[in-house]
Every structure is written in C-alpha cells, then in structure tokens.
Amino acid sequence: MGRIVLENVTKSFGDAEVIPPLDLTIEDGEFAVFVGPSGCGKSTLLRLIAGLEETTSGRILIDGEDVTEVSPSKRGLAMVFQTYALYPHMSVRKNIAFPLRMAKMEQGEIDAAVDRAASILNLGDYLEKRPGQLSGGQRQRVAIGRAIVRQPTAFLFDEPLSNLDAALRVGMRLEISELHERLKTTMIYVTHDQVEAMTMANKIVVLRAGHIEQVGSPLELYRTPRNLFVAGFIGSPTMNFITGEEAAKHGAQTIGIRPEHIAVSASEGTWTGKVGVAEHLGSDTFFYVHDTGLAETLTVRATGEVSFRNGDTIHMTPREDLLHRFDAAGERMA
Ligand SMILES: Nc1ncnc2c1ncn2[C@@H]1O[C@H](COP(=O)(O)OP(=O)(O)O)[C@@H](O)[C@H]1O
Ligand SMILES: [Mg+2]
C-alpha cells in the first residue's frame, strides 16, 4: 500500500512561507508528478513527504497513519535524487545492497534481492563494476536499484534525469514508466519539465509559488487548464494567447489556442499573417507567424511536410471548438 495524504501542510523557512496551506491526496499505485518552475517548492514538498524537512504545520499520512513526526527511515519510502549519491569505492552490487546491509538482512536474502533488482534494471553485467566505470544512465539505474531493494511503499524521485543528456533522458523516462507498470508501487516524481510530466504521470500536480494550481490527468490539464498559468505551462510549443478585440468577440479577456489546433492554408482562413521562422522537422512543421494583428507571434503546428517559407503569407483557421476562454483574472471561463 502507499496512499499519501497531505492535510493543511505548510512550510516556512524563517519568515518565508514556501508552502502555504496545502491539501493533496496521492492514491495507492499512482504515478504522481509535481511540476512547476524552478523554486516553486517541488523539492520542499517531496522532502516534507520523505521526512527530510519538518512541516511547519499540518499532517502527513501514509496509509492512514500519521507520520508527521516519524523519522525518514521509518516512513517506508525510498528517495532517488538528481545526483546519484553512489559510493564511488563500492561495487554496483554493494551500492545496491547498502540499505539492506544497514538493515542487517541475512546475506543470502541480500544477494537474492540485489539480483532481482539488477535483472529488472538490466544491470546484471555491471554488478562487479564501480560507479566510475558506468555511464550516467547506468549510474541512475543503480540508484533506482538501491531504492527497489528496500521494497518501499512509495518511491520519491527528485529530478532524477536532469543530469542526463536528452536522448538518455527519453530512454530513462520510458524505463521508469515501465518500472511503475511492473511494480505498481506509488511513485512521486518531481520535475520542471512538462514533457516528463505529461508522458509519465497518471496525476499531475502543477505548482506555482508553493500553491497547487491544478491537479489532474495529463489530458485533463491539456484539454481544460483551469487558468492562464496552467494553460501556458502544459503543452509544447506553448498555447497562443490573444487579447483585445479578437478575444472580446468570444466574450473573454484572453483566448488561448494551441499551435496544433490552427489549420493553415495558402488561400483562405480566419486569420492572416507572414511566416517568420519555419521549422521543417519532417513529421511536423512549426511556423512562427508575425503581422497577424493578434499577438506578437502566433505559433502554428502542421502535421507532416508543409511548404510555407519565410516571408510567405499564411492563412490560419482556429478550431473554434478547441478555443480556451479566460476572464480578466486569468481564470478559465465555462
Ligand atoms: N533549506 C532552505 N532554507 C531556506 N530556503 C529554502 C530552503 N530550501 C528551499 N528554500 C526555498 O524554498 C523555495 C522552494 O525551493 P525548492 O523546493 O527547492 O523549489 P523547486 O524544487 O521547485 O525548485 C525556494 O525559494 C528556495 O529558495
Ligand atoms: Mg528542486
């Protein structure tokens, strides 16, 4: 089991309230992602759950038990950090076994647990190597292995892939998702990268300045962002925002339209502009359109190869049914 509940939790460092009163439930078996800009309190929230920071007020419950005052080692959680924190002088086997040795588990059981983790993570051939002989991705897998052998009630990941290059990140992202499929253990994963959040999460928690802006599945956030912040944060490239007369036509202060919800044409459309940069990726084409009278730049995404070039006139038609309307406070309108 691994149901985690935060009730009215706050955290201040001195006079600075980093987490204003916050309520959150993560169900057993969920893959929850905390996402938000740097400094918004993601790590602090994770560390509060882990017990590495004390709450200023409020309660934290794991499977119904109040653990607010319980030490980190007794919470049954395992944390994986961005810096792998491996022991350089120990073999991979010893690194993975470390928490079990600390717990004075019997050697035969330790070996079996390490072999099982190594097979899940494809580390079987590397068990006698030292961390220095491994790639960044392999080292991160060792750190995850060390978490797995503890059979925690939940895994806590703090930006575990940030030190890896882009291609490796995509691979590890998939591995962690597969690990979750396999273990079905609750995972809480912190990242500033909305693509990681969208691809990995069952439940995304969008944070800004310690405050929860929205909680929902990836597609709930994509389809119905509750406010301008979430609308601009989720989705890549980001949603276009249009104010002024065009928004007023829809009875809104601001309208939002995603780049993939605008159709392009050489001859006709609702809006007209001039193509600035055109990015031809083959699978997709992105146009950055100027002189529309709507916004500084409109970003448009077309599927496949579309042959507008820099300086071309382009006509654009938004999908009316997929327009997002926001009021003067930036809140979503029905
Ligand atoms: N130990 C600390 N002492 C004082 N301020 C801290 C401490 N840890 C974090 N903060 C502050 O709390 C805020 C949130 O930090 P953090 O949780 O690390 O953000 P994130 O992980 O989202 O980047 C930041 O303003 C940071 O400076
Ligand atoms: Mg952080």
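The values are calculated or read from the model by the stated rules, or taken from the named source; none is laboratory data. Source: prediction; values computed, not measured. FYI the Cβ positions are ideal-geometry reconstructions off the backbone, even for glycines, and counts take in every protein chain you see.
Region 16-134 holds strands (runs of 3 or more DSSP E) entirely within its bounds, and those carrying 1 or more residues that are basic (Lys, Arg) map to 57-62. Each residue in region 39-75 was checked for being within 16 Å of ligand 2 (Cβ to nearest atom) and closer than 19 Å to residue 143 by Cβ, and 7 of them qualify.
Yes or no: region 76-86 includes at least one residue that is over 30 Å from residue 129 (Cα atoms) and more than 16 Å from ligand 2 (Cβ to nearest atom). No - not one qualifying residue is present in region 76-86. For region 258-310, a residue qualifies if it is charged (D, E, K, R), assigned to a loop (DSSP other than H, G, I, E, B) and touching a Ser or Thr at 6+ places or on another chain (Cβ under 7 Å), and exactly one does: 305.
Among the residues of region 186-210, those that are under 8 Å from the mean Cα position of the chain (by Cα), within 16 Å of ligand 2 (Cβ to nearest atom) and over 11 Å from residue 160 (Cβ atoms) comprise 192, 193, 194, 197.
Among the candidates 281, 298, 322, the residue that is within 29 Å of the chain's Cα centre (by Cα), surrounded by fewer than 19 Cβ atoms within 10 Å (Cβ to Cβ), outside the structural domain of residue 213 (by TED's automatic domain parsing) and touching a residue at least 40 places away in the same chain (Cβ under 8 Å) is uniquely 322. In this structure, does residue 156 turn out to be within 16 Å of ligand 2 (Cβ to nearest atom) and closer than 20 Å to residue 77 by Cβ? Spelling it out, residue 156 is indeed within 16 Å of ligand 2 (Cβ to nearest atom) and closer than 20 Å to residue 77 by Cβ. Out of 103, 97, 118, one residue alone is small (Gly, Ala, Ser), assigned by TED's automatic domain parsing to the domain that holds residue 186 and at pLDDT 95 or above. It is 97.
Among all residues of region 233-248, there is at least one that is modelled with pLDDT under 95, part of a loop (DSSP other than H, G, I, E, B) and out of contact with any Lys or Arg (no Cβ under 8 Å at 6 or more places or on another chain).
Taking residue 207, is it closer than 30 Å to residue 20 by Cα, in a strand (DSSP E or B) and either within 16 Å of ligand 1 (Cβ to nearest atom) or among the β-branched types (Val, Ile, Thr) (or both)? Here the answer is yes, as residue 207 does meet what is asked.
Look at (1) under 18 Å from residue 136 (Cα atoms); (2) crowded, with 20+ Cβ neighbours inside 10 Å and you find that residue 171 fails only one, number (2). In the set 143, 117, 154, 166, only one residue is among the small types (Gly, Ala, Ser), without any contact (Cβ under 8 Å) to a residue 40 or more places away in the chain and surrounded by 20 or more Cβ atoms within 10 Å (Cβ to Cβ); that residue is 117.
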